[in-house]
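This report concerns only the one structure given below.
The values are calculated or read from the model by the stated rules, or taken from the named source; none is laboratory data. Note that the coordinates shown come from a computational prediction; the quantities given were computed from them, not determined experimentally. Because the Cβ atoms are built from the backbone with ideal geometry, glycine has one as well, and the counts that use them run over all protein chains shown. Ligands, DNA and RNA are excluded from the accessible area calculation, which covers all protein heavy atoms including side chains. Shrake-Rupley method; radii C 1.70, N 1.55, O 1.52, S 1.80 Å.
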Amino acid sequence: MKPFKRALKVLLLTVAAYLIQVCVMRYFTVRSVVGSVIFAVLAVIVVSCGKKYAFCASCIIGMMMECMMANSNVPSLYVIAYPAITMLCAQTFADMTDRQLEQRRLNYERRQVRISEGRGKKHWWYSLMLRYRDADLPPMVRIPLCAGEMDMFLNLVLIVYMYLIGEDLTLIHLTRLAGSVVYTMALAWALMFPLRAFLGMYPKRRRAQGGDEE
């Protein structure tokens, strides 16, 4: 796909995600929990288009959210938070070059050898962490994980802010955080198939003049 055409599609998805989030998602709350269509779309852009497109989309989202939340007590919160969180998660979930993939595979194999020789930690959770960090996960796994992580980071920022201004934190806040993360991951899983098709990640098979498929 040509870069200009892809950039235009990313811009269209960004604006649509913002409008759906602020105008539609209020009618789809589940026990006072609202998922983030914005992070679901940003996760698709991160994994499918790369860091440059994701950074531009997150900056646009941040500016639009800041305009909507103009009376916020923390100026420029969303302008900074959305690009920062998006790029932080893009470091883990964005597609890598062949050289980066090979280096990660080598690192993963070396760590596994050290663990088998008794020179590294043998905890099951440590091996699982290395596998998810160094192995190349398929996009269908990375997109929901990326959306959930971004939503979790933003909610943690808001919870810390509430604590600093003197509001008491209860179990309800943590329950809503967990519910929001799960809701956002479900949205990302449901939206990633049509959005990736819209971005041209599933190219159609061309037919030759004789009728045979190439």
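Check Met185, Met129 and return the single one that is at pLDDT 80 or above, in a helix (DSSP H, G or I) and either open to solvent by 80 Å² or more (accessible area, probe 1.4 Å) or not hydroxyl-bearing (Ser, Thr, Tyr) (or both). Walk me through it before giving the result.
On the way: Met129 fails: at pLDDT 80 or above.
Step by step, each of Met185, Met129 is checked, and only Met185 is at pLDDT 80 or above, in a helix (DSSP H, G or I) and either open to solvent by 80 Å² or more (accessible area, probe 1.4 Å) or not hydroxyl-bearing (Ser, Thr, Tyr) (or both).
Residue count for region 60-90, restricted to those that are at pLDDT 85 or above and either open to solvent by 70 Å² or more (accessible area, probe 1.4 Å) or of a type in the set (Val, Ile, Thr) (or both): 8. Within region 146-168, being open to solvent by 40 Å² or more (accessible area, probe 1.4 Å), under 23 Å from Gln91 (Cβ atoms) and touching a residue at least 60 places away in the same chain (Cβ under 8 Å) holds for Glu149, Phe153, Val157. Of the residues making up region 8-35, just one is of a type in the set (Gly, Ala, Ser), part of a helix (DSSP H, G or I) and surrounded by fewer than 16 Cβ atoms within 10 Å (Cβ to Cβ), namely Ala16.
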